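The values are calculated or read from the model by the stated rules, or taken from the named source; none is laboratory data. Because the structure is a prediction, the values reported are computed rather than measured. Because the Cβ atoms are built from the backbone with ideal geometry, glycine has one as well, and the counts that use them run over all protein chains shown.
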């Protein structure tokens, strides 16, 4: 028969282990956080003010970004998130051509086959005027960029860090 103080100690250890397991299970089953983003011609509204641009094709945005991009990027907000599961819900608002979304690690190079294996990148197209699409991703600590290559937006900054 175990002494009483050993029984209490083992019960406390078991209770603490159960609490840790429950916390881990709770995190694993947590629903992804939804981040809503709205694209208008040549920009995302959620990180910079609406400049009221109009565009009928990608080249319009390329010309706008060439003259205003550096200044706008310097004034844009950096999105900050904690590590975890996310759904980026992206809306095409009043852009009359197909859009997409691309979120990737800041140093991601699509031409590097190793990056496709060990870097975070999520993307997709087919986002027509008035439509909403979702992109699910697990983000770890680090620096990221997001943009729309089809709407030629800026490469907006996203930082993921424990807070």
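This table checks each residue for (1) assigned to a helix (DSSP H, G or I); (2) over 21 Å from residue 88 (Cβ atoms); (3) modelled with pLDDT under 95.
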site	(1), (2), (3)
8	yes, yes, yes
11	yes, yes, yes
21	yes, yes, yes
27	yes, no, yes
34	no, no, no
47	no, no, no
52	no, yes, no
message: Testing residue 115 on (1) without any contact (Cβ under 8 Å) to a residue 40 or more places away in the chain; (2) assigned to a loop (DSSP other than H, G, I, E, B), one condition comes back false. Which one is that?
response: (2)
task: Give segment 136-158 a look and list any residue that's under 20 Å from residue 109 (Cβ atoms) and not in a loop (DSSP other than H, G, I, E, B), or say none.
output: 137, 139, 142, 143, 144, 145, 146, 147, 156, 157, 158
message: Condition first: over 16 Å from residue 36 (Cα atoms), within 15 Å of the chain's Cα centre (by Cα) and surrounded by fewer than 19 Cβ atoms within 10 Å (Cβ to Cβ). Now tell me which residues in segment 146-161 satisfy that.
response: 155, 159, 161
